[in-house]
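Here the structure comes first, spelled out in structure tokens, and everything after it is commentary.
The values are calculated or read from the model by the stated rules, or taken from the named source; none is laboratory data. The structure presented is a predicted model; accordingly, all values stated were derived computationally and were not measured. For neighbour counting, all protein chains shown are included, and Cβ atoms are generated from backbone atoms with ideal geometry for every residue, glycine included. To get the accessible areas, we keep the full protein, side chains included, count just its heavy atoms, and leave off ligands, DNA and RNA. Shrake-Rupley method; radii C 1.70, N 1.55, O 1.52, S 1.80 Å.
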Amino acid sequence: MTDAAQGLHSAPDLSVSFSGIQLKNPVIAASGTFGYGAEFEDVVHLGKLGGFVVKGLSKEPMIGNPPPRLWETAAGMLNAIGLQNIGARAFVDEKLPHLRQIKNTVVFVNVFGYTREDYERTIQILNEGEGIAAYELNVSCPNTEQGGLQFGTDPRSLDEVVSTVRRVAQRPVIVKLSPNVTSIAQMAYVAQEAGADAISLINTFVAMAIDAETRRPRIANVTAGLSGPAIKPIALRMVYDAAHAVKIPVIGMGGISTATDVVEFMLVGAAAVEIGTASYWDPCATEKIVDELQEWCVEHGISRLAELTGGMQLE
Ligand SMILES: Cc1cc2nc3c(=O)[nH]c(=O)nc-3n(C[C@H](O)[C@H](O)[C@H](O)COP(=O)(O)O)c2cc1C
């Protein structure tokens, strides 16, 4: 039976899987834009999402940067939250027990640090908690052992941090790549060879905005991360390049705000996607995109969404 004919008789299968993790659809709420999940319970049916990534956790709690920390740009958003979080121990003790009760969705935990030891210790604490599907490593932080160069922009630092985490992690490790590099393919390959189970990309671009009247920066931290639709074409290119450089699964993100955007990321090689800034404009965006995806598949006679991954046609 053709896809189109099948589509007439049964609901499309939106499920995807990567690194041994089954998701009922490819839509994952991105780290830093969905709190610890529970904050969105009143507005989003969490059980409808493929999963969500909690905000970045560190060994110790962090208070983040002073305000202003957010600024809307043409088709995008600047943020310099400064990785504010309650710390890994408080997450395991105070947040995780509640998250375990949310049925039918997958919880990913984003982790960051300033030294290899930070990552190692944070992962050890999280290993003690139940109900986490995988770790997502944010490597866009300055490596203080190496004089402040970001882990994610230096191949040797990336190799070291990923191998360290791989040794201690008792769950799959997804390495979230920084886009602030010359060759994303090289960084994707380094992450794979160091033991990553999957990669996700992209994190935000370093950017800034200034008020010409006051001559002051719009963000107290001066520089900030750019996200949202403005970065989507670059994110697509980077996911395409990375997917061609590795054999491990790729999770794509950067400016996704519609079901068609999700399909585009899958066609260039993503097994699943994350959605961040869209939740700032519409807190229900993730859930709506799941509904739209269902409709997109019906309209296009697609019976199994996962088959689109890597399906871009060149002729
Ligand atoms: C306010 C805000 C906070 C973020 N915090 C984190 C974080 O803690 N860890 C991380 O890996 N990425 C963080 N990100 C990056 C997003 O997860 C995502 O990679 C990026 O925004 C691109 O996707 P988008 O265009 O759909 O937002 C944050 C993004 C925003 C807008």
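Some observations on this one:
- The stretch 189-212 residues that are at positive phi, paired with ones that are open to solvent by 10 Å² or more (accessible area, probe 1.4 Å) and among the basic types (Lys, Arg) (beta carbon under 7 Å, 6 or more apart): Gly195/Arg166
- For first residues located in the stretch 29-57 and within 15 Å of the ligand (Cβ to nearest atom), partners that are in a strand (DSSP E or B) and open to solvent by 20 Å² or more (accessible area, probe 1.4 Å) and lie 6+ apart or on another chain with Cβ distances below 6 Å form the pairs Ser31/Lys55; Gly32/Lys55; Gly51/Val106.
- Subset of the stretch 220-241 (residues that are of a type in the set (A, V, I, L, M, F, W, C) and within 14 Å of the ligand (Cβ to nearest atom)): Ala224, Leu226, Ala230, Ile231, Ile234, Ala235, Leu236, Met238, Val239
- The stretch 82-94 - residue that is more than 9 Å from Gly129 (Cβ to Cβ), touching a residue at least 24 places away in the same chain (Cβ under 8 Å) and not in a loop (DSSP other than H, G, I, E, B) and, of those, most open to solvent (accessible area, probe 1.4 Å): Arg89
- Residues that are in a helix (DSSP H, G or I) and open to solvent by less than 50 Å² (accessible area, probe 1.4 Å) within the stretch 268-304 comprise Ala278, Ser279, Ala285, Thr286, Glu287, Ile289, Val290, Leu293, Trp296, Cys297, listed in sequence order.
- Candidate set from the stretch 246-267 (those that are outside any loop (DSSP other than H, G, I, E, B) and open to solvent by 30 Å² or more (accessible area, probe 1.4 Å)); member that is farthest from the ligand (Cβ to nearest atom): Leu267
- Looking only at the stretch 197-214, and only at residues there that are open to solvent by less than 10 Å² (accessible area, probe 1.4 Å) and of a type in the set (Gly, Ala, Ser), the one that is nearest to Lys247 (Cα to Cα): Ala198
- Test result for Pro217, buried (at least 17 other Cβ atoms within 10 Å of the Cβ), more than 12 Å from the ligand (Cβ to nearest atom) and within 28 Å of Gly64 (Cα to Cα): yes
- Ser178 fulfils the conditions (1) open to solvent by 60 Å² or more (accessible area, probe 1.4 Å); (2) within 13 Å of Cys141 (Cα to Cα); (3) outside any strand (DSSP E or B) except for a single criterion, (1).
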